[in-house]
Amino acid sequence: MRVVRAAAVYLLVGVLVTGCTLFGGNDEQAEGPDTVTLVTHESWSVPQEVLDAFEQRSGIRLRVFPEGDAGALTNRLVLTKDNPIADVAYGVDSTFASRALSEGVFEPYTSPEADRGPQRYAIDPQHRLSAVDVGDVCVNVDTEWFAEEGLAEPETFEDLAEPRYRDLLVVENPATSSPGLAFLLATVAEYGEQGWTDYWKRLRDNGVKTVSGWTEAYTQEFSGSSGEGPRPIVVSYASSPAAEIGEDGEPRTTALLDTCYRQVEYAGVLANSGQTENAGKVVDFLLSQEFQSILAENMYVYPTREGVELPSAWAEAAPLPEDPASLPGEQVQAGREQWIKQWRGLLEG
């Protein structure tokens with residue numbers, strides 16, 4: 001679940017220095033010729049021993065710093081593409097990848113690790129992006145709340161607009177939140193470009209609450225999290241229930257698998273960085289068995305590499321959706337800004 005991921009960033013990745021997280025030494029050491037800078041999303045959470053092992057094996061000193069969520073990261077990469085802020089970027093997801101590619105942010109690089117599974121999620125024939133993890137966005141419900149209220153849990157998009165679920169749903173703003181945008185895209189995929197606005201009018205009239213981002217939605221508004229908020233339905237991730245397993249071994253929440261949107265996070269070598277060879281080795285590391293095996297427990301996402309074992313509890317609590325919605329990157333690129341504008345007109349007035 002992303003609350004664990006976000007909180008763990010500051011506990012596990014090291015000491016923040018002038019906005020950057022440095023691994024393997026101090027500032028002077030980090031300026032050596034074999035230093036590679038990796039910019040990532042704010043939910044980066046990797047055990048130090050994994051990073052140390054990579055540095056010792058590769059001879060590369062890895063300098064890592066977080067840069068907001070996927071949207072904020074993509075915006076920064078586009079604005080600085082001629083003078084990039086790093087050598088490698090990880091965390092641009094499938095909702096924003098088309099923008100990064102159209103702006104020429106990344107350069108081609110084909111990792112030798114890509115044929116171990118990540119190529120299933122390839123979106124660019126030039127191989128400028130490599131798929132690192134899958135984190136499908138789905139509606140989550142607080143199963144204990146519904147049991148106590150004697151109310152059947154919703155299952156579909158249509159259910160969410162029914163009067164019996166009035167004032168129970170909280171969603172994130174797609175203009176400021178990656179899962180919020182993914183949920184908006186899911187409704188476009190479900191109802192079409194001509195029908196999704198009518199669906200959102202129904203949600204609005206049914207008392208949907210909108211907040212700026214996932215942390216507020218999940219930890220403050222959702223009743224099934226540690227925050228014990230007032231609303232038992234939230235837009236989150238397919239993997240979120242894995243972080244909500246009670247002392248009895250049973251998950252307290254569940255993801256509605258008929259509402260999921262496929263969200264893949266990518267890594268790539270930044271154009272104009274001048275570190276193509278070593279930056280490629282960092283991409284290889286992100287696709288390696290070693291790194292992929294820590295994704296589920298540390299960042300609550302699914303690995304893209306085949307044969308990576310998931311925690312045993314995930315089989316029941318957080319199965320990977322088999323048939324999530326998705327839209328072609330070209331359609332997202334063409335429609336994203338207009339859809340967000342329309343959404344804001346409907347929900348924000």
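Quick note: the coordinates plus some simple rules give every number you see, no bench work behind them. All values derive from a computational prediction rather than experimental measurement. Methodologically, a virtual Cβ is constructed for each residue, glycine included, from the backbone with ideal geometry; neighbour enumeration extends over all protein chains shown.
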Mind checking Rg over Rh on the range 223-303, alpha carbons, Kirkwood formula for Rh? 1.12
So what's the range 137-183 giving for Cα Rg divided by 2.2 N^0.38 Å, two decimals? 1.26
Among Y218, L184, W200 - extreme Cα towards positive end, dipole of the range 176-233, charges at beta-carbon: W200
For the range 154-292, alpha-carbon Rg over 2.2 N^0.38 Å: 1.28
Which of these values of Cα extents along the principal axes in Å was calculated from the structure shown: (i) 52, 46, 40; (ii) 88, 46, 29; (iii) 62, 46, 37? (iii)
Quote the Stokes-Einstein diffusion coefficient, in whole µm² s⁻¹, for the range 300-346, based on the Kirkwood radius over alpha carbon pairs, a temperature of 4 °C and a viscosity of 1.567 mPa s. 92 µm²/s
Find the centroid of the Cα atoms in the range 219-241 and in the range 57-109, then give the distance between the two in whole Å. 30 Å
List, in order, the whole-Hz ³J(HN,Hα) value for each residue of the range 88-98 obtained from phi through the Karplus relation with A = 6.51, B = -1.76, C = 1.60 and θ = phi - 60°; use x for Gly and Pro. 9, 10, 10, x, 5, 9, 5, 7, 10, 4, 4
Taking every Cα atom in the range 190-266, find the radius of gyration and the maximum pairwise distance Dmax, and write them in Å. 14.4, 46
With each label point set 7 Å from Cα along the Cα-Cβ vector, what nm distance links E149 and A313? 2.5 nm
Relative contact order, percent, of the chain when contacts are C-alpha pairs under 8 Å separated by at least 6 residues? 24 percent
Calculated P(r) of the range 245-349 - Cα pairs past 16 Å, %: 74 percent
When the dipole is taken about the Cα centre of the chain, and only Lys, Arg (+1) and Asp, Glu (-1) are charged at their Cβ, what size is it in debye, to the nearest 20? 1000 debye
Taking Cα pairs under 8 Å and at least six residues apart, what relative contact order does the range 204-252 come out at, in percent? 22 percent
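Using packing as a proxy for protection, rank 313-321, 174-182 so that the peptide with the highest average count of other Cβ atoms within 10 Å comes first.
Descending mean neighbour count gives 174-182, 313-321.
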Once amide hydrogens are built 1.01 Å from N within the peptide plane, the residues lying 5 or more places from Y237 or on another chain with amide H under 5 Å from its amide H are C138
